[in-house]
Amino acid sequence: MRSHYCGDLRAAHDGEQVTLCGWVHRRRDHGGVIFLDLRDRAGLVQVVFDPDTQDAFARADKVRSEYVVQVQGRVRLRDEAVRNSRMATGDIEVLGTGLTLLNTSETPPFELDERTAAGEEVRLKYRYLDLRRPEVQANFRFRSRLTAAVRRALEAQGFMDVETPILTKATPEGARDYLVPSRTHPGSFFALPQSPQLFKQLLMVAGFDRYYQIAKCFRDEDLRADRQPEFTQIDLEASFVDENDIMAITESMVRDVFAELLNVTLPEFPRMPFSEAMRRFGSDKPDLRIPLELVDIGDLLANVDFKVFSGPANDPAGRVAALRVPGGCEISRKEIDDYTKFVSIYGAKGLAYIKVNDLAAGNDGLQSPILKFLTDDAIQGILERTGAATGDLIFFGADKAKIVNEALGALRIRVGHDRGLVQGDWAPLWVVDFPMFEQDDDGSWAALHHPFTKPSCTPEELVANPGAALSRAYDMVLNGTELGGGSIRIHEPTMQRAVFKALGISDEEAEEKFGFLLDALKFGAPPHGGLAFGLDRMVMLMTGCESIRDVIAFPKTQTAACPLTQAPAEVSSRQLRELGIAVRKGE
């Protein structure tokens, strides 16, 4: 039905007869000449109809925004004075000689341009209209190019694309599973996969050596801007490798993608132990573009009478840390109050501070409501250790280490952006040497990544002291965002059972939930490891979008609902009877 896409026309097409199909983006009537901006997935082109072509002119006079039309015409150069450098097709226009109306349209519920004022709920309800907007379609063209580049990069390194099941068995991987009732096995349920983890390990046992997949994954968890109940992973696994091999493979892939799609040469990927990242930045995914760091000062405050500081300073699970903001004396009291409210989101009970108005004036040059609670030695120690200078502001966090890390870590990012301290465009990083386990409030251990990650110690050392065990895991971080995470996997049954034991999983429970894996590990499982990238998150980061909902065609809301289809929805009583399910509605 067409000879060209609208957005592909250029000056080189001058004089050509073309047939175009698309949507009327905008219609303008200028003194008897009608201009239509015609839009398709490739972009916009201006079509001009004048009264000399009576039939086409009459038809053009009747069309409105979002009508679907077919246009015949001749490409011509625009006059120099009216060329539009902001449009890819701005050097030319199409003189329309024919127009066929293919479909009409009601008035859309919002403007389909970059300035639309419609809220997200409305745009998601009419997502098929929102997706017509050129800037939104650009995200998905980029996403398509990204997946193609990833496939090329991995295929070039010998990886094979293999699909793994969507209907599988519920396994504990850190989040709640989405369950699917089985009609043919009453009372039993499939689970949608949180990741292809176990199946890709079984592919390594099967001798596939190098596997990858653009995989759909599902997790029933609370949502954030960078999370969805269903999401897409770039998933890969390889045999006869160690950490250095996997990091080299994936780093090469990411470098290739950035170079091809953004013409960006990424800088070096430094490696940082988890413990150092938490100590210096309060986060296991630090944004290295921001030159602010946390400094431990608990030893300086252990003996002060101010229990807000001395309590956490003497608590083995506590932390007292400082965050120096260069030039921070300019920060107003209202801004400090706003930051105090901000850190409360992370459990912080307050936000103490000291303004260094004049370092040379000693305590008289300091401004803070907490000075009266501190000794001169403590104050001097804080100033020296933080490297404070005249004009700086020092924020403090004192609480359980987890709260201090999360609160000051988030504050570091917020202040860094507010104060314009971000340096450079891209700052990649490998975070390594993660703890194998983290302790729950009840004293039990939980896997920090997942229970198939290989520890750095022996099985005996693991069982004797789970809290000291480090894992052979690694996360790729870029600009404070975790692009992907992975590990070397357990390939010996003895070590896998030791990890289960440390997690409080009995032999009987292990056999019930993971018997197929334990059996596979008995039959010559090779050393193997892998990594999974969040594709949605990578596209979001590379396109500069604020939420992964902007780069997923039909995303869910923050409540895991779909305004477009009204899912989730109730099903008929007949369907429930066939499944042997009775629904008990909550209050």
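Of note:
- Taking every C-alpha pair closer than 8 Å and separated by at least 6 residues, the mean separation divided by the residue count of the stretch 53-188 gives a relative contact order of 17 percent.
- When only alpha carbons are used to place a centre, the stretch 471-532 and the stretch 263-306 end up 28 Å from one another.
- Exposure proxy for Ile354, Ile505: other Cβ atoms within 10 Å of each Cβ, ordered fewest to most, give Ile505, Ile354.
- For Val47, nonlocal amide neighbours, meaning residues 5 or more places apart or on other chains whose placed amide H falls under 5 Å from its own, are Leu36, Asp37, Leu38, Val94.
- Candidate lysines for bridging to Lys349, where Cα separation is under 19 Å - those fewer than 8 sequence places away on the same chain excluded: Lys307, Lys334, Lys341, Lys400, Lys402
- Which of Thr559, Val539, Ala569, positive extreme of dipole for the stretch 538-581 (C-beta unit charges): Ala569
- Placing unit charges on the Cβ atoms of the charged side chains and taking the dipole of the chain about its Cα centre, the candidate lying farthest along the positive direction among Gly524, Gly96, Tyr5 is Gly96.
- Magnitude of the charge dipole for the chain, about its Cα centre and with charges confined to Cβ atoms of Lys, Arg (+1) and Asp, Glu (-1), is about 1540 debye.
- Under-5 Å amide H pairs with Ser471, H placed in peptide plane, nonlocal only: Phe434, Met436, Ser456
- Candidates Trp430, Gln367, Leu266 compared by Cα position along the dipole of the chain: farthest toward the positive end lies Leu266, with charges placed on Cβ.
- Footprinting exposure proxy for Cys457, Cys217 (fewest neighbouring C-beta atoms within 10 Å first): Cys457, Cys217
- Tensor-based shape of the chain (alpha-carbon gyration tensor, a/c under 1.5 rounded, otherwise prolate or oblate): oblate
- Listed by chain and number, the lysines whose alpha-carbon sits under 25 Å from that of Lys513, ignoring those within fewer than 8 places in the same chain, are Lys169, Lys200, Lys216, Lys454, Lys501, Lys522.
- Rounded to the nearest 20, the Cβ-based charge dipole of the stretch 6-103 about its Cα centre (Lys and Arg +1, Asp and Glu -1) stands at 320 debye.
- Magnitude of the charge dipole, the stretch 292-422, Cβ model with Lys/Arg +1 and Asp/Glu -1, debye to 20: 460
- When each of the peptides 570-580, 379-389, 227-237 is scored by how many other beta carbons lie within 10 Å of its residues on average, the order from highest to lowest is 227-237, 379-389, 570-580.
- Shape class for the stretch 449-546, computed from the alpha carbon gyration tensor (a ≥ b ≥ c): prolate, with a/c not under 1.5 and a/b above b/c.
- Most to least packed among 445-451, 74-80, 428-434 [average Cβ atoms within 10 Å]: 428-434, 445-451, 74-80
- Highest mean first, the peptides 155-168, 463-476, 550-563 sorted by other C-beta atoms within 10 Å per residue fall in the order 463-476, 550-563, 155-168.
- The lysines within cross-link reach of Lys125, meaning a Cα-to-Cα straight distance under 20 Å and a gap of 8 or more places when in the same chain, are Lys556.
- Helical contribution to [θ] at 222 nm, DSSP H n ≥ 4, -39,500 (n - 2.57), averaged over the chain, rounded to 500: -9000 deg cm²/dmol
- Scalar couplings 3J(HN,Hα) for the stretch 249-258, obtained by applying the Karplus form with A = 6.51, B = -1.76, C = 1.60 to θ = phi - 60°, are 4, 6, 5, 4, 4, 5, 4, 4, 5, 5 Hz; x denotes Gly and Pro.
Just so you know, all these numbers are worked out from the coordinates, no wet-lab data involved. A quick note: this is a predicted structure, and the numbers were derived from the prediction, not measured. Cβ atoms come from the backbone with ideal geometry, glycine included; neighbour counts cover every protein chain shown.
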